[in-house]
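Quick note: the coordinates plus some simple rules give every number you see, no bench work behind them. Because the structure is a prediction, the values reported are computed rather than measured. Positions of Cβ are backbone-derived with ideal geometry, glycine not excepted, and every protein chain shown enters the neighbour counts.
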2 protein chains.
Amino acid sequence: MRIESVEFFYAAMPSITLEADGSQDALLVRVVADGVVGWGECEASPLVSLAAFVTPRSHGVCQPVSASVLGERLDSPADIARISALVARNSMDLLQAPHTYSGIEMALWDLLGHAREEPVWRLLGYDASYPKVAYASLLFGDTPDETLSRARSATERGFRAVKFGWGPFGEGTPEADADQLQAAREGVGRDTTLLVDAGQIWGEDVESAALRIPALEDARVTWLEEPFPAHAYAEHAALAARTRTLRIAGGEGAHNLHMARNLVDYGHIGFLQIDTGRIGGIGPAKAAADYAAGKGVTFVNHTFTSHLALSASLQPFAGLADHRISEYPAAPKALALDITRDHLLPDADGRIAAPEGPGLGVSVDLDRLGGYVRDVEILLDGDQLYRSPQVGGVAASSALHGIGRA
Amino acid sequence: MRIESVEFFYAAMPSITLEADGSQDALLVRVVADGVVGWGECEASPLVSLAAFVTPRSHGVCQPVSASVLGERLDSPADIARISALVARNSMDLLQAPHTYSGIEMALWDLLGHAREEPVWRLLGYDASYPKVAYASLLFGDTPDETLSRARSATERGFRAVKFGWGPFGEGTPEADADQLQAAREGVGRDTTLLVDAGQIWGEDVESAALRIPALEDARVTWLEEPFPAHAYAEHAALAARTRTLRIAGGEGAHNLHMARNLVDYGHIGFLQIDTGRIGGIGPAKAAADYAAGKGVTFVNHTFTSHLALSASLQPFAGLADHRISEYPAAPKALALDITRDHLLPDADGRIAAPEGPGLGVSVDLDRLGGYVRDVEILLDGDQLYRSPQVGGVAASSALHGIGRA
């Protein structure tokens, strides 16, 4: 097969709040090769990411992502790895490139899976897709009472694991955080796994983070996620050295395999959380899962958006039976659910698994998506460099085919 | 002062080749606060970087760069650090943000320098701007003869240090590379400092890189630059452990201070090369210089573009007398020279220094720039989200003022 076209669909809620809620917009990618269609999703600023696909080249290693994708052969997983290496080389100085390419890479796997009528996890070499406990990923309430109520509601919905993050956590006093943690534990009950996401709130301040360790361990929190920025390895390791039962988690900021490995090797994390929509797709996420497994670190998906992204993020560790927990966007905006016709619903034991269907095993609902799609047009010296494809009709006159290959 | 406007000027050569020559286009930034003007330059894909300034927000920590800059107070270096922290927080999930913001941050320093009638290096706390040996930064020739001739020509122009990079180096046999290195040494003569840039050509392959060590040491090469990708710390350290006289250099890929520190601490580099147009500007570059100095690592600027970028990249280590070498774009495209009226010319000893004039000490030549400027227009749902400012006339109707603050 040969890659004929790559199209981006930028969808957004009518109003975007300042919450740390990544389900408010989406950048979907549709790739076609020899008439076979694959879909992916970038976890990234949509306008910036599509600009990275069509931008004029700056020099040999600052080329648009399109230059390494359009027209390439796609017959095997090895072709995907080859295209990924091309992007890494030719777009070396284009910082946004990994976020753009992540959605494309997912779509290449989906496409290949459809062509071979195999689920992606089988193409990755796994024999089975093992169920994982879905943890409900929620934002802290503004008050402990609100957190308590969200925790109860998640448990009532059947979740066996719940994560709270962002909101006021880490911004006030350690005592205020302790109140939030007690409320969360009370709300989920004794037997539910409880996780906390600090959202990099402490910068490089290990002492401020360490002040929260007693309350986190009292509430039997399994992991504290992203206490510091993604590259602050020494700080992660310093905090990890000061815990007894708590583990440090991180990895969503990894935009290449090296960053994932570095968090394990230098940051001493206990849980590696990878977003296939950021790290460059399913291939590097699988390599990160293998690396984590070899180092005794638990691999976890990072997903806060659609069920397309959820399926893509489950594939890399679908066959790792011992890596048993998975992030589940439990309260996304309507857009995130409307993206796909199919949804990965937790079973009676609160578990989800990468689908058995071909490719990513979910189908995109372009009709429902139509109501959310935004129309982007980029003109360079008056000429159309990019125009969004039309949804529900004939594709708009688009310079997409062949862009970047002149 | 209050930041009134941030404008981007995207300039490019009429034809962009596939050479690894970063001087073929430029993204200049003009910031105005209370009528005082400052200029900066992003070392980045121009279209993608300006898109990161105006993109609609995705959520609370994936906001456009504009949201953290426009309308902010600017009265002191502390304000610049405060704005930098805002960008890091509010644009956490926007990968391109550091490249966009680097040019803005430079412009904030330039503006503050003009307001106080002080050179930026003085605002950074330095008492003097020490001259540095300018190394001519050149691409390897396609053949050893071509490299020999470029080396001779650089020495004849008075350069006391010469760096060759990219081209065929590392792509063929170790013997072919040895021929290139011998030609380079022969061309520059016995007493000239010789440096080599591998441009990440070996991926993660330490053995392939190590095969070149004997020829590099025979040619008395001071440093081997970027043998591997910017995040491959273990590989950098493994290679460094196998050299006798050669040192490993790296850092241009650092898009935050952590990455610079990590290359020192985990990569065991001997020279830290920072591009202020990528790392987030002059503030983090100065912090990286201080960190390097404290660890016995030599700080060097990375600059392959204009003399505005060159001045900005010299400021962070202007006052470090013992850090004596600096990159000098010795064969840039015409655009790179036409950007400024003033140029930093090597003295009789082949040395350059950060200028004594206020701010960055160079002025942008908007008239000459006019011939290179590209006109970008971005429409979102038919509404103008961005339009390039006009050069040499009244600014075009632009949504820039207030963008991202709605």
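With helices as the sole contributors, chain A gives -9500 deg cm²/dmol at 222 nm; each DSSP H run of n ≥ 4 counts as -39500 (n - 2.57), and the sum is divided by every residue. Taking a 30 Å limit on the Cα-Cα distance, which of the listed pairs B:K132/B:K295; A:K286/B:K163; A:K286/A:K333; B:K295/B:K333; A:K295/B:K163 fall beyond it? With Cα atoms farther than 30 Å apart: A:K286/B:K163; B:K295/B:K333; A:K295/B:K163. Structure remark: mean-square fluctuation, Gaussian network model of chain B, C-alpha springs under 10 Å; the largest value among B:H307, B:H258, B:H59 belongs to B:H59. Annotation for region B:117-181: GluC sites (Glu not before Pro) lying in DSSP loop with at most 11 further Cβ atoms inside 10 Å of their Cβ are B:E117. Take every Cα pair under 8 Å in chain A that's 6+ residues apart, average their separations, divide by the length, and report that relative contact order as a whole percent. About 20 percent, as a whole number.
Shortest first, B:D342 label-point distances to identical copies amount to 6.4 nm, with the label point at 7 Å from Cα along Cα→Cβ. With the cut-off at 1.5 for a/c, could you classify region A:148-275 from its C-alpha gyration tensor as rounded, prolate or oblate? Note, shape of region A:148-275 comes out prolate.
Cα axis of helix A:282-294 to longest principal axis of chain A: angle in degrees, 0 to 90, nearest 10? The angle comes out at about 30 degrees. Placing +1 on the Cβ of every Lys and Arg and -1 on the Cβ of every Asp and Glu, with no other charges, gives chain A a dipole of roughly 840 debye about its Cα centre. Comparing mean-square fluctuations of B:T222, B:T143, B:T100 from a GNM of chain B with C-alpha springs under 10 Å, the top value falls on B:T143.
Taking label positions 7 Å along the Cα-Cβ direction at both A:R324 and B:D367, the computed distance is 7.6 nm, reported to one decimal.
A simple spin-label model places the labels of A:D342 and B:L337 6.2 nm from each other, with each point 7 Å out along Cα-to-Cβ. Here the contact order of region B:123-352, divided by its residue count and restricted to Cα pairs under 8 Å and six or more residues apart, works out to 21 percent. Across peptide A:233-239, the average count of Cβ atoms from other chains found within 10 Å of a residue's Cβ is 2.
Compactness of the protein assembly as shown is given as radius of gyration and Dmax, 25.9, 80 Å, from Cα positions. Note on B:L195, B:L314: ascending count of other Cβ atoms within 10 Å places them as B:L195, B:L314, the fewest first.
Tilt of helix A:174-188 relative to the longest C-alpha principal axis of chain A, in degrees (0 to 90, nearest 10)? So the inclination is approximately 80 degrees. Taken over region B:123-352, the percentage of Cα pairs per 10 Å bin, counting from 0 up to the bin with the maximum distance, is 8, 35, 38, 18, 1.
Using a Gaussian network model of chain A in which every pair of alpha carbons under 10 angstrom is joined by a spring, one finds that among A:A321, A:A330, A:A107 the greatest mean-square fluctuation is at A:A321. Inter-copy label distances at B:A241, shortest first and taken from points set 7 Å along Cα to Cβ: 2.0 nm. For B:D218 and A:Q182, a Förster radius of 56 Å and the Cβ-Cβ distance give a FRET efficiency of 0.25, rounded to the nearest 0.05. Evaluated with a Cβ-only charge set (Lys, Arg +1; Asp, Glu -1), the protein assembly as shown carries a dipole of roughly 720 debye about its Cα centre, given to the nearest 20.
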